[in-house]
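Notes follow once the structure below has been shown.
The values are calculated or read from the model by the stated rules, or taken from the named source; none is laboratory data. Note that the coordinates shown come from a computational prediction; the quantities given were computed from them, not determined experimentally. Neighbour counts are summed over all protein chains in view; Cβ atoms, including those assigned to glycine, are modelled from backbone coordinates with ideal geometry. Ligands, DNA and RNA are excluded from the accessible area calculation, which covers all protein heavy atoms including side chains. Shrake-Rupley method; radii C 1.70, N 1.55, O 1.52, S 1.80 Å.
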Amino acid sequence: MNLYSSRVVNIADLRRLAERRLPRVVFDYIDGGADAERTLRDNCLAFDRVTLRPRGAVAFTAVDLRTTVLGQTFELPFLLAPVGSSRMFYPRGEECAAAAAGDAGTGYILSTVSGCRLEDVKAATKHAAWYQLYLIGGREVAERGLERARDAGFSVLVVTVDTPVAGMRERDIRNGTTALLSGNPIAMLPHIGQLLARPRWLTGFLRDGGLMEFPNVGPALAQSVVTWRDLDWIRQIWRGPVAVKGILTGDDARRAADAGANAVIVSNHGGRQLDGVAASLHALPEVVAASSGHVEVLMDGGIRRGSDVVKAICLGAKAVLVGRAYAYGLGAAGRPGVARAIEILRADIVRTLALLGAGSISGLDETLAKMER
């Protein structure tokens, strides 16, 4: 597969390649959202409502994409977001994505719900890795995971606060996700055809161990809710920077800051949790205003082009996280696919900055973009 051909010029092209390679149940896990998927769509549409305001007659010799977040400098203004169960998309998926991020000089955020050992993922990247925490299995399991992540060299903890229960993901139900994960042949039978229809994927999946276990979680997979009080013991164990992910209002941004967070991530979980909430980009200005410089503000949701990254930073984000954009690349072609997704976004950003008359990410501000209501 030639990922640099004229047929692969944007993230939508990688999405089509992923859809062609993956079983429907796996592709829809990446691609789908909650309920009617309104928020999933709105996340992308929100960027169409932002108008860029270029400066003319500006000359510069190079464009500087370097960005500093929580004291760490990255070569790009975006990090790879935590995407659970990435090992389903491609063998050793989390390690592939982390390696591609490191090659590009940017960070990778590992989900608690990873099919690869966190120590192996950290070893795969040449750059910073962050660890995303769910309290799956309760406090004792979480404490062990935090200690392992800290000892392995993960530098920032991302605490997700928008998953008290799983969202209603209708595609997963129709595709028989629960039955396929059960390992029960009778329950699996009505849905197994979609796996057999992708023999190349299935061969790689089985060679990589088949149905995943979650070595970073332990055997207990009970639901568990994060509260603001939990941040006290989490911070005591972690003893490093903490970012709170899943913030959509100014009130919650202030609560996170009061609880000791160093950063907040404006996010609606990619439209996978509560459908009908604000697009992340629309929530961003309120959160930035409420943060008042006390915590750094990042965002994710709906980013498919480099110009989307630029718009988010103009509206106040320090940096952004990209999830589906690289997950499509991973599903399409593994590590080279992730690298291609990163390169597409990087080239888009360079071109957008040049056309905007901005020589660096640090030079972006609200005068260069306007959100239309």
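Summary table below
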quantity	calculated
Pairwise Lys count, the chain - Cα closer than 22 Å, eight or more residues apart or different chains	5
Where N is the number of residues in the chain, Cα Rg divided by 2.2 N^0.38 Å	0.95
Computed FRET value (nearest 0.05) for Arg150 with Leu181, which takes r as the C-beta separation and R₀ as 35 Å	0.70
Whether the stretch 42-183 is rounded, prolate or oblate, judged on the alpha carbon gyration tensor where a/c under 1.5 counts as rounded	oblate
Label zone at Leu202 (point 7 Å along Cα-to-Cβ), backbone N below 20 Å, the stretch 8-27	18-27
Modelled FRET efficiency - R0 51 Å, Asp103 with Leu189, Cβ distances, 0.05 increments	0.75
Which of Thr68, Thr39 is most accessible, then next, and so on - probe 1.4 Å	Thr68, Thr39
For the chain: accessible area per residue (Å², 1.4 Å)	42
Distance in nm between pseudo-label sites at Ile237 and Lys370 (7 Å out along the Cβ direction from Cα)	5.0
Percent carbon-and-sulfur accessible area, the chain, ignoring ligands, DNA and RNA, probe 1.4 Å	51
Gyration tensor verdict on the stretch 177-308 (Cα atoms; rounded if a/c is under 1.5, prolate if a/b is larger than b/c, oblate otherwise)	prolate
Heavy-atom accessible area ranking, 1.4 Å probe, most first, across Met168, Met212, Met1	Met1, Met168, Met212
Accessible surface of Phe60 - all protein chains present, 1.4 Å probe, nearest 10 Å²	70
Residue-averaged [θ]222 nm for the chain, counting only DSSP H segments that reach four residues, each worth -39500 (n - 2.57)	-12500 deg cm²/dmol
Ranked by how many other beta carbons lie within 10 Å on average, peptides 351-358, 172-179, 195-202 from highest	351-358, 172-179, 195-202
Within the chain: Cβ-based charge dipole about Cα centre, in debye rounded to nearest 20 (Lys, Arg +1; Asp, Glu -1)	900
Chain lengthening between Leu355 and Glu213 when straightened (0.36 nm per residue, less Cα-Cα)	46.4 nm
Gyration tensor (alpha-carbon) shape descriptor, the stretch 1-45, a/c threshold 1.5	oblate
Centroid-to-centroid separation of the stretch 170-189 and the stretch 1-36 [C-alpha atoms, Å]	22
Helix runs (DSSP H) in the chain reaching 27 Å along axis by Cα, Kyte-Doolittle at least 0.0	335-356
Estimated distance in nm for a label pair at Ala289 and Arg7, the labels positioned 7 Å out from Cα along Cα-to-Cβ	4.8
Charge dipole of the chain about the Cα centre (unit charges at C-beta), most positive-ward option of Leu22, Leu180, Ala278	Leu22
Given charges at Cβ of Lys, Arg, Asp, Glu: the chain dipole, positive-most of Ala354, Leu211, Ser267	Ala354
Distance in nm between pseudo-label sites at Arg229 and Glu143 (7 Å out along the Cβ direction from Cα)	1.6
